[in-house]
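Participant: Right, I'll just put the structure down here and ask away after.
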There are 2 protein chains.
Amino acid sequence: MISLAATAVVSKIKGEAPTMEQRISIVTLGVKDLAASKRFYVDALGWKAVFENKEIIFFQVGGLIFALFLREKLAEDFQVDAASFGRAAVALAYNVRTRSEVDPLMKRAASGGATILKFAREAPWGGYSGYFADPDGFAWEIAWNPSWSMKPDGSIEYR
Amino acid sequence: MISLAATAVVSKIKGEAPTMEQRISIVTLGVKDLAASKRFYVDALGWKAVFENKEIIFFQVGGLIFALFLREKLAEDFQVDAASFGRAAVALAYNVRTRSEVDPLMKRAASGGATILKFAREAPWGGYSGYFADPDGFAWEIAWNPSWSMKPDGSIEYR
């Protein structure tokens, strides 16, 4: 990241547009009912919010923020019509350290109100994974990928 | 994270479902045309892929992976009909260190083929931000939030 920062400085000196480093600061899902989202992420999954009000809830997830935001407010924020929202062609994945963690987590999500989209099975890429949908239908994959390395803090380092 | 890992171990001993730590391993966007996505993220934004084939491209973004996956393949992966996909009620945010970085990045994205959803302006939460849509319409916010702290590597630490 130091080299990226240095590149950004050089770009500025040259008068070019700054570099967009490879990172995501916030992942925001537009939700219909914040109380229902909270029941799922907080009560069922056990996540702890770092901030919440009547419109938005923030969770610290590794080095970024995961936000649940009322979808009408999100639509307003990026100036689209909320009526144009459909099923999101998006998936979030939670990778685990051992294969045996997958099924219990799928069960935990299901008992907390998630809909199972695909029961966990052997994946063509050599791992084991399943998908559930959160209360708004957002797809979450619970995956064990033996060929990816994970640091002690859970962050992924592609190799 | 050590305490979370310890909790997971304790849960297993008690026979409970394991804890789902607060992290996201992969953010996957379902895209229509991988070549167009690549022109935008690689050629225009300057991101470097860590893996790619004809269906998927992976980028290392901080401690997680950002994936662009052909939307039909993504739909197949979580077993929904790709025809049900609509505009995603989702936003990704890229937070910058200084206010002056916002406009040049919005311009850079626009000149690379992004559609401006909202030109950057003062935000009610005290910062300055705008939104663009990537080639598939996914909303990205470029935001300067003076009340959030950012580590040297760009990760966000909510305080």
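The values are calculated or read from the model by the stated rules, or taken from the named source; none is laboratory data. No experiment lies behind these values; they were computed from the predicted model shown. Positions of Cβ are generated from backbone atoms using ideal geometry, with glycine treated the same way; all protein chains shown enter the neighbour counts.
Participant: Filter region B:83-112 down to residues that are under 24 Å from A:Val90 (Cα atoms) and either loosely packed, with under 15 Cβ neighbours inside 10 Å or free of Cβ contacts under 8 Å to residues at least 24 places away in the same chain (or both) and give me whichever is nearest to the other protein chains (Cβ to nearest Cβ).
Facilitator: Going through the qualifying residues, I end up with B:Gly86.
Participant: Right, next: From the list B:Leu68, B:Leu45, B:Leu64, which one is touching a helix residue (DSSP H, G or I) at 6+ places or on another chain (Cβ under 6 Å), not assigned by TED's automatic domain parsing to the domain that holds B:Ser129 and not polar (S, T, N, Q)?
Facilitator: So the residue among B:Leu68, B:Leu45, B:Leu64 that is touching a helix residue (DSSP H, G or I) at 6+ places or on another chain (Cβ under 6 Å), not assigned by TED's automatic domain parsing to the domain that holds B:Ser129 and not polar (S, T, N, Q) is B:Leu68.
Participant: Assess whether B:Ala44 counts as being out of contact with any strand residue (DSSP E or B) (no Cβ under 9 Å at 6 or more places or on another chain) and surrounded by fewer than 17 Cβ atoms within 10 Å (Cβ to Cβ).
Facilitator: Judged against the criteria, B:Ala44 is not a match.
Participant: Could you check how many residues of region B:47-74 are more than 13 Å from the chain's Cα centre (by Cα) and closer than 26 Å to A:Leu64 by Cα?
Facilitator: 11
Participant: Now a separate question. Looking at (1) within 25 Å of A:Leu70 (Cβ to Cβ); (2) at pLDDT below 95, which is the one condition that is false for A:Arg159?
Facilitator: Result: A:Arg159 fails condition (1) only.
Participant: Those residues that are hydroxyl-bearing (Ser, Thr, Tyr) and in contact with a Lys or Arg (Cβ under 6 Å, 6 or more places away or on another chain), I need them from region B:99-134; list them, please.
Facilitator: Across region B:99-134, the qualifying residues are B:Tyr128, B:Tyr131.
Participant: Quick one: which of A:Glu141, A:Glu76 is at pLDDT 95 or above, within 27 Å of B:Ala133 (Cβ to Cβ) and either β-branched (Val, Ile, Thr) or exposed (fewer than 15 other Cβ atoms within 10 Å of the Cβ) (or both)?
Facilitator: A:Glu76
Participant: What are the residues in region B:95-123 that are part of a strand (DSSP E or B) and closer than 18 Å to A:Ala75 by Cα, if any?
Facilitator: B:Thr115, B:Ile116, B:Leu117, B:Lys118, B:Phe119, B:Ala120, B:Arg121, B:Glu122
Participant: Among the residues of region A:132-148, what is the count of those that are assigned to a strand (DSSP E or B) and either closer than 19 Å to B:Gln22 by Cβ or in contact with a helix residue (DSSP H, G or I) (Cβ under 7 Å, 6 or more places away or on another chain) (or both)?
Facilitator: The number of residues fulfilling the criteria is 7.
Participant: Please go through region B:34-54 and pick out each residue that is polar (S, T, N, Q) and under 18 Å from B:Gly113 (Cβ atoms).
Facilitator: B:Ser37
Participant: Could I ask something else about it? Using the structure shown, decide if A:Lys14 is loosely packed, with under 15 Cβ neighbours inside 10 Å, basic (Lys, Arg) and modelled with pLDDT under 95.
Facilitator: Against the criterion (loosely packed, with under 15 Cβ neighbours inside 10 Å, basic (Lys, Arg) and modelled with pLDDT under 95), A:Lys14 qualifies.
Participant: Please verify whether A:Gly126 is over 19 Å from B:Thr19 (Cα atoms), of a type in the set (Gly, Ala, Ser) and assigned to a loop (DSSP other than H, G, I, E, B), treating the condition exactly as stated.
Facilitator: It is true that A:Gly126 is over 19 Å from B:Thr19 (Cα atoms), of a type in the set (Gly, Ala, Ser) and assigned to a loop (DSSP other than H, G, I, E, B).
Participant: Any idea which of (1) under 18 Å from the mean Cα position of the chain (by Cα); (2) at the interface with another protein chain (Cβ under 7 Å from one of its Cβ atoms); (3) not polar (S, T, N, Q) is the one B:Gly130 doesn't satisfy?
Facilitator: Single failed check for B:Gly130: (2).
Participant: With the condition kept exactly as written, say whether any residue in region B:117-138 is surrounded by fewer than 15 Cβ atoms within 10 Å (Cβ to Cβ) and hydroxyl-bearing (Ser, Thr, Tyr).
Facilitator: For region B:117-138, residues surrounded by fewer than 15 Cβ atoms within 10 Å (Cβ to Cβ) and hydroxyl-bearing (Ser, Thr, Tyr): absent.
Participant: Let me ask something else about it. Go through region B:37-71 and give me each residue that's part of a helix (DSSP H, G or I), facing chain A (nearest Cβ under 10 Å) and either closer than 15 Å to A:Met20 by Cβ or free of Cβ contacts under 8 Å to residues at least 12 places away in the same chain (or both).
Facilitator: B:Tyr41, B:Ala44
Participant: Is it true that A:Ile142 is among the β-branched types (Val, Ile, Thr), facing chain B (nearest Cβ under 10 Å) and farther than 25 Å from B:Glu72 by Cβ?
Facilitator: Against the criterion (among the β-branched types (Val, Ile, Thr), facing chain B (nearest Cβ under 10 Å) and farther than 25 Å from B:Glu72 by Cβ), A:Ile142 does not qualify.
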